[in-house]
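Q: This is the structure I have questions about; it appears just below.
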């Protein structure tokens, strides 16, 4: 049993987040841990879409993106013989990440951050910052860019 047994890595499937995923996988190799990959479908951000948009079609697209994102984490885990458990959940990303980490007894959350500051952070908010503030589980942030 290592220092970390269950490492949570939230993913949004972006190229940049792969750096955080690789960091989580590396830690899992060192500690003999399982990686939990979670994708949060933030359906609230699509609430303002025109009604003529087909919600079923949008939901299907979001689910496909989510499946692709967690499948990438599984593939990286397979490359290093790291067990990966996946979950796709709905809700506020920061709240759901904290909830998942606590309900699944995760020892560490490894997540990407874009490192935005100033007005960008005020306007866009920071999921990583909200997780750091709310989580009882330690959080390791890995700076990512939009390109790996």
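Quick note: the coordinates plus some simple rules give every number you see, no bench work behind them. Everything numeric in this text was worked out from a predicted model, so none of it was measured. When we count neighbours, we look across all protein chains shown, and the Cβ atoms used for this are built from the backbone with ideal geometry, even at glycine.
Q: Could you line up 88, 25 from fewest to most neighbouring Cβ atoms inside 10 Å?
A: Numbers: 88 16, 25 22.
Starting with the residue having the fewest Cβ neighbours, the order is 88, 25.
Q: Can you compute the modelled spin-label distance between residue 89 and residue 145, with each label point 7 Å from Cα toward Cβ, in nm?
A: 3.2 nm
Q: Which ordering of 86, 11 is given by a fewest-first count of other beta-carbon atoms within 10 Å?
A: Numbers: 86 18, 11 23.
Ascending Cβ contact count within 10 Å gives the list 86, 11.
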